[in-house]
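In what follows, a structure is listed as structure tokens, so that the remarks can point back to it.
The values are calculated or read from the model by the stated rules, or taken from the named source; none is laboratory data. Just so we're clear, the structure is a prediction, and the values are computed from it rather than from any experiment. For neighbour counting, all protein chains shown are included, and Cβ atoms are generated from backbone atoms with ideal geometry for every residue, glycine included. Each accessible area value is taken on the protein alone, full model and side chains, heavy atoms only, with ligands, DNA and RNA left out. Shrake-Rupley method; radii C 1.70, N 1.55, O 1.52, S 1.80 Å.
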Amino acid sequence: MKAIVYTKYGGPEVLQFKEIKKPYPKDDEVLIRVRAVSVNDWDWGLLQGDFINRLLYGFIKPKRNILGSDIAGRVEAVGKNVTRFKTGDDVYGDLSGQWGGLAEYTCAPEKALALIPPCMSFEEAAAIPQAAMLAVQGLIDKGKIQPGQKLLINGAGGGVGTFALQIAKLYDVEVTGVDSTNKLDMLCSMGFDHVIDYTQEDFTKSGQYYDLILDVKTNRSIFDYVRVLSRNGVYVTVGGSIARLLQLLLLKPWISMISKKQINIVALKPNKDLPYMNQLFISGKVKSVIDGAYNLKDVPDAFRIFGKSEHKGKIVITM
Ligand SMILES: NC(=O)c1ccc[n+]([C@@H]2O[C@H](COP(=O)([O-])OP(=O)(O)OC[C@H]3O[C@@H](n4cnc5c(N)ncnc54)[C@H](OP(=O)(O)O)[C@@H]3O)[C@@H](O)[C@H]2O)c1
């Protein structure tokens, strides 16, 4: 089968288009003919070999040689213990921890997968798993979003932000999106009530207050965020600078003790809310914002675009 393989850490140039052996499913796995896969920040970290990923997944060189966690495709074979899926089913899910999606075929444990509803394309499905789970778990589970609130999404134009806006709008909240100049037109057309260009304006100094902040970048001091939270406001981060996240972890108990404001960090529960996303998709309340689609051979270019952060929504590769 054709796959994008990497054997050393580096930039997109270390990603090689290769012919390799087709995998075979274990007893609790399904074999999937991959039709679409999306690029996540985690793939980028694994490609580059940042410190945390080296600690977990190979210090000198990567232990897993095929990136790609968020896949959509058709079940081609099932292991003998698989009960939820059969050959011919269309499925999607987040295979992070195992990866292997940037290939014509991959194996996945059945617990990582959900059925794709008939109204959802493979491309739309592949865009959903990690980004939408972070949006749902950030806004609903940790943020406890409530109707009438003022929400700010920092890093609004990528995967998490574009899903988060659509989910937030189900709660009738006023949403401000922060991103760079070239993303603002898209944010306005998607329905953000206000947009802020972070290259021109610092939202932590604007004098505006927010009931809920969802942050995908976490690039500022916790004190800046706390300053623009309203009384009882909640700040939720899904990721960003490791130094800033450590600061948050250390100071969050003190901040809740001396003020009524809450600081929360999302630890992704992969695939937990795929059934909820299916419902929203079927009822037409949410759609995937797709950048691409790219072909398997174009994966290095797709990663270059991701690395320069030129993408809008989710970069999707189709096969
Ligand atoms: N919590 C967990 O368990 C977990 C698991 C997986 C991933 N994650 C995290 O989830 C996040 C992924 O988010 P995503 O998929 O939405 O990423 P994304 O698609 O890369 O989007 C990030 C957006 O932020 C913008 N941005 C960059 N610098 C900014 C700044 N200083 N201020 C405001 N916006 C800025 C980027 O555009 P420009 O560069 O053009 O400005 C881009 O539009 C990452 O932080 C990742 O580490 C967390």
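The number of residues in region 122-139 being open to solvent by 10 Å² or more (accessible area, probe 1.4 Å) and out of contact with any Phe, Trp or Tyr (no Cβ under 9 Å at 6 or more places or on another chain) comes to 1. Could you please let me know if VAL234 is buried (at least 18 other Cβ atoms within 10 Å of the Cβ), within 27 Å of THR162 (Cβ to Cβ), out of contact with any Lys or Arg (no Cβ under 9 Å at 6 or more places or on another chain) and among the β-branched types (Val, Ile, Thr)? Taking the combined requirement at face value, the residue does not satisfy it.
Among the residues of region 137-185, the one identified as in contact with a Ser or Thr (Cβ under 6 Å, 6 or more places away or on another chain) and either farther than 23 Å from GLY292 by Cα or not hydroxyl-bearing (Ser, Thr, Tyr) (or both) is LEU152.
Taking the conditions exactly as written (within 16 Å of the ligand (Cβ to nearest atom) and of a type in the set (S, T, N, Q)), does ASN53 satisfy them or not?
Details: within 16 Å of the ligand (Cβ to nearest atom): yes; of a type in the set (S, T, N, Q): yes.
Yes: the conditions hold for ASN53.
Kindly check whether there is at least one residue in region 158-166 that is at pLDDT 95 or above, under 21 Å from LEU248 (Cβ atoms) and polar (S, T, N, Q).
Looking only at region 158-166, we keep the residues that are at pLDDT 95 or above, and these are 158-166.
If we keep only those that are under 21 Å from LEU248 (Cβ atoms) too, we end up with 158, 160-161, 164.
Next, from what is left, pick out any that are polar (S, T, N, Q): none.
No, the conditions are met nowhere in region 158-166.
Of all residues in region 149-173, exactly one satisfies the criterion of being open to solvent by less than 10 Å² (accessible area, probe 1.4 Å), assigned to a loop (DSSP other than H, G, I, E, B) and more than 10 Å from the ligand (Cβ to nearest atom), namely VAL173.
Among the residues of region 237-295, the ones that are more than 22 Å from GLY155 (Cβ to Cβ), without any contact (Cβ under 8 Å) to a residue 40 or more places away in the chain and part of a helix (DSSP H, G or I) come to 7 in all.
Condition check ((1) closer than 24 Å to GLY158 by Cβ; (2) buried (at least 16 other Cβ atoms within 10 Å of the Cβ); (3) modelled with pLDDT of 95 or more; (4) not small (Gly, Ala, Ser)) across all residues:
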position	(1), (2), (3), (4)
TYR24	no, no, yes, yes
TRP44	yes, yes, yes, yes
GLY49	yes, yes, yes, no
ILE60	no, no, yes, yes
ASN81	no, no, yes, yes
ALA103	no, yes, yes, no
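Taking the conditions exactly as written (at pLDDT 95 or above and surrounded by 13 or more Cβ atoms within 10 Å (Cβ to Cβ)), does LYS252 satisfy them or not? No; evaluated as a whole, the condition is false for this residue.
Scanning region 174-213 for residues being within 13 Å of the ligand (Cβ to nearest atom) and more than 22 Å from TRP254 (Cβ to Cβ) gives a total of 23. Scoring LEU229 on the criteria (1) surrounded by 18 or more Cβ atoms within 10 Å (Cβ to Cβ); (2) over 15 Å from the mean Cα position of the chain (by Cα); (3) within 14 Å of the ligand (Cβ to nearest atom) leaves a single failure, condition (3). Of all the numbered requirements in (1) within 14 Å of the ligand (Cβ to nearest atom); (2) surrounded by 13 or more Cβ atoms within 10 Å (Cβ to Cβ), ALA243 misses one, and that requirement is (2).
Yes/no matrix, rows are residues, columns are (1) of a type in the set (Phe, Trp, Tyr); (2) in contact (Cβ under 8 Å) with a residue 12 or more places away in the chain; (3) farther than 27 Å from GLY11 by Cβ:
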| site | (1), (2), (3) |
| --- | --- |
| LYS26 | no, yes, yes |
| ALA36 | no, yes, no |
| VAL39 | no, yes, no |
| ASP43 | no, yes, no |
| GLN48 | no, yes, no |
| ILE52 | no, yes, no |
| LEU67 | no, yes, no |
| PHE85 | yes, yes, yes |
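Of the numbered criteria (1) more than 19 Å from LYS308 (Cβ to Cβ); (2) over 20 Å from the mean Cα position of the chain (by Cα); (3) assigned to a helix (DSSP H, G or I), the one ILE52 fails is (2). Taking region 205-219 as the range and being more than 18 Å from the chain's Cα centre (by Cα) and surrounded by fewer than 19 Cβ atoms within 10 Å (Cβ to Cβ) as the test, the residues that pass are LYS205, SER206, GLY207, GLN208, TYR209. The residue pairs whose first member lies in region 298-311 and is in a helix (DSSP H, G or I) and at pLDDT 95 or above, whose second member is more than 14 Å from the ligand (Cβ to nearest atom) and not hydrophobic (A, V, I, L, M, F, W, C), and whose beta carbons are closer than 7 Å, counting only pairs six or more residues apart or on different chains, are PRO300/PRO12; PRO300/GLU13; ASP301/TYR294; ALA302/TYR294; PHE303/PRO12; ARG304/PRO12; GLY307/PRO12.
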